[in-house]
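Nothing in this text is a laboratory measurement; each read-out follows from the coordinates by a stated rule. All of these numbers come straight from a predicted model, not from anything done at the bench. Neighbour counts are summed over all protein chains in view; Cβ atoms, including those assigned to glycine, are modelled from backbone coordinates with ideal geometry.
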Amino acid sequence: MKTISARQTAIKVLNHYDFSPKGSVDILDKYIEQSDDKSLCKELVLGVVRNKTAIDCIVKAAANVEPSRINKRVINVIRIAVYELVYANSADYAAVNEAVEAARKFSSAKTAGFVNAVCRNVQRNIVNKSTTSEKKTQTALPVFDGNFCQFKKDVLPNPTKAPAEYLSIAFSLPQWLMESWVKNFGFEQAFDICLGSNRRPTIYLRPNTLKTNRDELCKLFEQSQIGFEIVPDSAALKIKTGKPIHTLPGFADGLFTVQDLTASKVIDNLELAPDATILDLCSAPGGKTAQLSQAFPKANIIATDTNTTRLKLVHQTCQRLSLVNVKIVEYKNLADELKKYSRLDAVLLDVPCSNTGVLAKRAEVRWRLKPESIVELAKIQRQILLDASNFIPKPQTIIFSTCSIENTENAKIVQDFLSTHKDYKLAKQELTLPHNGSLDYDGGYFAILNQN
């Protein structure tokens, strides 16, 4: 297959994506094999998706025209170039030259001239691509790892007078959500949450303790020259390679799973009998199912999901990891399956949510988020929790978890449930906010409820 440049491939992906409900990653997977540099292509696509509002704000100032009035193919060429000029370490001349040539190729010399002029205007407005500052200003755009791109002229709203609007444009997140974060967490913490939500997320691996341990996995990676760091006070390894996970040594043999540090907290906080009967109700794609199986190897684990297609992913995960104590059951057969057990020690509810804690990994979610969708999700979450409490046998412990940081999807759901179900009490709950740093991680929430 003939390959094309990473920038040309990224243009293709963004033209097909167009910030629609379909995930950018799905489209990226379709085209990325055409690229001569898959890593750069992925960064360009996800970088533009993650920072579109800020990029368009910069383009508007440089072009003196609304980005929505620019031809879709042309604006995506410009967006990629501006992303590189502002956020990336790539050479400016290469980004601009290829953008100009791309415009010339599919349009005209006039269009190429326009693209060149916009890019040069952006360049002229940049003072320093990577500077540090504790003060938030209208001329300093947050980029990565606490650094800012310093401009000559204002590119952002006043953070003191309009903090939510400032965060919305600076981090390309919905303004209504920023208003909520500023209200609930305060401006400075909301700013830090935004940094965590726009970071380049680290990949963490957990050894499959049924087959290996961390030391053995470290030796395997060292022998294969795979860069990694040991995470303190954890079984996890921080992976430092751009290679696809499925190509790493040990993947096919089921020696590890991919799991964020926050996601792993849920099971790490469980105290159950070794031979417990555990139901994983919303199990797909199987990450927490795998962790349950390894944490409680003598337990009886039932895994199900209302989505039969996604339930197949759980089956694949169990096969790869050789999880022999997991029984996968179609949701329609769950009631009959539960009749076979005299007790149900725990039910794990990793419920559908808004994903506001995992925006770094799921960059396109920000373009789908609506206030009304969170309200609808909260209704679904309440119903799932209520249904679980009525299972027969009645669960001794209910674990409620989300990858959201919205109170209406988390503590509020649990509080409302406990106010009407006095047979349960709150044993523990924890909210983790997205974090950017040497050990970065997603946001999420869990609550453990025990029968009185």
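For the stretch 261-451, the convex hull drawn through the C-alpha positions has a volume of 122 cubic angstrom per residue. When the trypsin sites (Lys or Arg not before Pro) in the stretch 89-144 are filtered for DSSP coil states and for at most 11 other beta-carbon atoms within 10 Å of their beta-carbon, the remaining sites are LYS135. Between SER107 and LEU386, the distance separating the two model label sites (each 7 Å from Cα on the Cα→Cβ line) works out to 5.4 nm. Normalised by the number of residues in the stretch 201-258, the mean separation of alpha-carbon contacts (under 8 Å, six or more apart) gives a relative contact order of 46 percent. By the count of other C-beta atoms within 10 Å, a proxy for reagent exposure, ASP37, ASP260 are ordered fewest to most as ASP37, ASP260.
Which of the residue pairs LYS265/LYS288; LYS38/LYS211; LYS265/LYS339 have a Cα-Cα distance greater than 20 Å in the structure shown? Pairs exceeding the cut-off: LYS38/LYS211; LYS265/LYS339. For the chain, the antiparallel share of DSSP beta bridges with both residues in that region comes to about 65%. Modelled spin-label separation between ASP37 and ALA94, with each label point placed 7 Å from Cα along the Cα-to-Cβ direction: 0.3 nm.
Among LYS340/LYS394; LYS312/LYS340; LYS12/LYS72; LYS52/LYS72, which pairs are too far apart, with a Cα-Cα distance over 18 Å? Violating the 18 Å limit, Cα to Cα: LYS312/LYS340.
Among the GluC sites (Glu not before Pro) in the stretch 99-199, those located in a DSSP loop and surrounded by at most 12 other Cβ atoms within 10 Å of their own Cβ are GLU134.
Placing a label point 7 Å from the Cα of ALA61 along the Cα-to-Cβ direction, the residues of the stretch 139-161 with a backbone N closer than 13 Å are 139-142, 149-159. Over all distinct Cα-Cα pairs of the stretch 348-452, the Kirkwood formula returns a hydrodynamic radius of 14.3 Å. Rounded to the nearest 5, the antiparallel percentage of DSSP beta bridges internal to the stretch 261-451 is 50%.
Note on HIS315, HIS421: ascending count of other Cβ atoms within 10 Å places them as HIS315, HIS421, the fewest first. Measuring r between the beta carbons of ALA411 and LYS161 and using R0 = 25 Å, the FRET efficiency lands at 0.20. Calculated mean residue ellipticity, 222 nm, the chain: -14000 deg cm²/dmol, from DSSP H runs (n ≥ 4) at -39500 (n - 2.57) each, averaged per residue and rounded to 500. Which of the GluC sites (Glu not before Pro) found in the stretch 288-388 are in a DSSP loop and have at most 15 neighbouring Cβ atoms, other than their own, within 10 Å? Of the GluC sites (Glu not before Pro), the ones in loops of the stretch 288-388 whose Cβ has at most 15 other Cβ atoms within 10 Å are GLU330.
This ranking places ILE399, ILE126 by how few other beta-carbon atoms lie within 10 Å of each, fewest first, which gives ILE126, ILE399. As a calculated quantity, the FRET efficiency between GLU222 and VAL324 at R0 = 22 Å, using C-beta atoms, amounts to about 0.15. Annotation: peptides 218-227, 39-48, 200-209, ranked by per-residue average of other Cβ atoms within 10 Å with the highest first, follow the order 39-48, 200-209, 218-227. Dipole magnitude for the chain: computed about the Cα centre from +1 point charges on Lys and Arg Cβ and -1 point charges on Asp and Glu Cβ, it is near 1180 debye. Judged by the ratio a/c of the largest to the smallest principal axis of the C-alpha gyration tensor, the stretch 6-135 counts as rounded, that ratio being less than 1.5. Look at where the Cα atoms of the stretch 175-209 and of the stretch 331-400 average out, and the two centres are 22 Å apart. Selection among PHE446, LEU338, LEU349 by position relative to the dipole of the stretch 261-451 gives LEU338 as farthest towards the positive end (Cβ unit charges, Cα centre). Between helix 38-63 and the chain there is an angle of about 50 degrees, using the helix long axis and the longest principal axis of the Cα atoms.
Extension gain LYS135-LYS298, at 0.36 nm per residue separation less the Cα-Cα distance, in nm? Walk me through the numbers before you get to the answer.
Numbers: separation 163, 0.36 × 163 = 58.68 nm, distance 5.39 nm.
Net length gain for the segment: 53.3 nm.
Over all other residues within a Cβ to Cβ distance under 13 Å of ASN333, the charged ones net out to 0, with Lys and Arg as +1 and Asp and Glu as -1.
Run the paramagnetic zone check for VAL258: 7 angstrom along Cα to Cβ, then residues of the stretch 294-332 with backbone nitrogen under 19 Å. Residues passing the 19 Å test: 310-322. Using the Cβ-Cβ distance between LYS339 and LYS265 with R0 = 35 Å, the FRET efficiency computed as 1/(1 + (r/R0)^6) comes to roughly 0.60.
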